[in-house]
1. For D131 and T79, compute 0.36 nm times the residue count separating them, minus their Cα-Cα distance, and round to one decimal in nm.
2. What is the sum of charges, Lys and Arg at +1 and Asp and Glu at -1, for the other residues whose Cβ falls under 11 Å from the Cβ of R23?
3. So if we plug the beta-carbon distance of A61 and H206 into 1/(1 + (r/R0)^6) with R0 = 30 Å, what FRET efficiency do we get, rounded to 0.05?
4. Is the C-alpha gyration tensor of segment 3-116 telling us rounded, prolate or oblate? Criteria: a/c under 1.5 is rounded; beyond that, a/b larger than b/c is prolate, otherwise oblate.
5. What dipole magnitude, in Debye to the nearest 20, does segment 184-309 give about its Cα centre under +1 on Lys/Arg Cβ and -1 on Asp/Glu Cβ?
6. With a Förster radius of 51 Å, plug the Cβ-Cβ distance of K5 and D26 into 1/(1 + (r/R0)^6) and report the FRET value to the nearest 0.05.
7. Quick one: of the DSSP bridges fully inside segment 1-127, what percent are antiparallel, nearest 5?
8. For Cα Rg over 2.2 N^0.38 Å, one of (1) 1.20; (2) 0.93; (3) 1.15 was computed from the structure I shared and the rest are decoys. Which label?
Amino acid sequence: MKTTKITKADIESSVLSVPPLARRADYSIDREGNARILAHLRAGGVKTFMYGGNANLYNIAPSEFVTLCELLIDLSQDTDWMIPSVGSDFGKAQDQLTYLKGMPFPTAMLLPHRFPSVPAGVATGIRKLADAYGKPVIAYVKDDGYIDAAHIGKLEADGAICAVKYAIVRNDPKTDPFLEDMLSVVSNDIVISGIGERPAIDHLTHFDLCGFTSGSVCVGPASSTAILKAIKRGDLKEAARLRELFMPLEDLRDAISPLRVLHAAVHLAGVAETGPLLPYLANITDGKQLADIERVAKALLAADKQTLAKAA
């Protein structure tokens, strides 16, 4: 497992997958289910695994957080970069980072805490958490008004952050005043497109961001990896063709719930049993929605097998 300082090469070397967290019927963490998800991702060329929102770590108990981190270490392979997330509130993040200090993870992501918070307080919180952890952390910017661009620039300059997951949704990803402001004070070497395949081409070409995260990569890892490779070599036509494979699933995620749809899709595609979602969330039970998710997830998985075979 990667334990060394985060570099641009680490960020751009793989799609940063954001997997769901498989659980058993009694809500305990399912070792086998999570191992299967990781194996599927690795087979498609993915080696970075960010456990955060899709894993529903917003609702995990601090006591279970230690169990999860120990499992991630146990399931990791030599080239894997495992990224646990903490928070979202300051107190929970503080306690979780106390546990992480004794573990070999090189960083952790701070889940965004939208309410109650103010930008100056978020900046202070990130700084204090990084200081207490003794390592730079990954900031997660998901909403306008959460933190100011100038704050992020100062946090980078002071060594409090090693990356920014940028995930504010825009109608046109190329028109983004906040991202422009942030990149005027933050190196694009540390900014990650954090909204999956849909804006990845624009983010990595128009703004020169160094990588992108994905949840749907957990169904189609080879195809998502192929998008990243196509962008890096300048073949945007091929990147756009591959991106279309993900749009039916991404459309359902946007329409229903990104997290809940992905949790169901990984199971319904046959990748792994994912089990129940930890409260306060709940699994999708609507029959039509589940049928739609199964249809598009299986189609993506089938297309991904063709991508993998073509690359072999």
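1. Length difference between fully extended and current span is 16.0 nm.
2. -2
3. 0.15
4. Oblate shape, in that a/c is at least 1.5 and b/c is the bigger or equal ratio.
5. That gives a dipole near 240 debye.
6. 0.85
7. 10
8. After the calculation, the listed value that fits is (2).
Bear in mind these aren't lab numbers, they're just calculated from the coordinates by the rules spelled out. All values derive from a computational prediction rather than experimental measurement. Here Cβ is always computed from backbone atoms with ideal geometry, including for glycine, and neighbour counts include all displayed protein chains.
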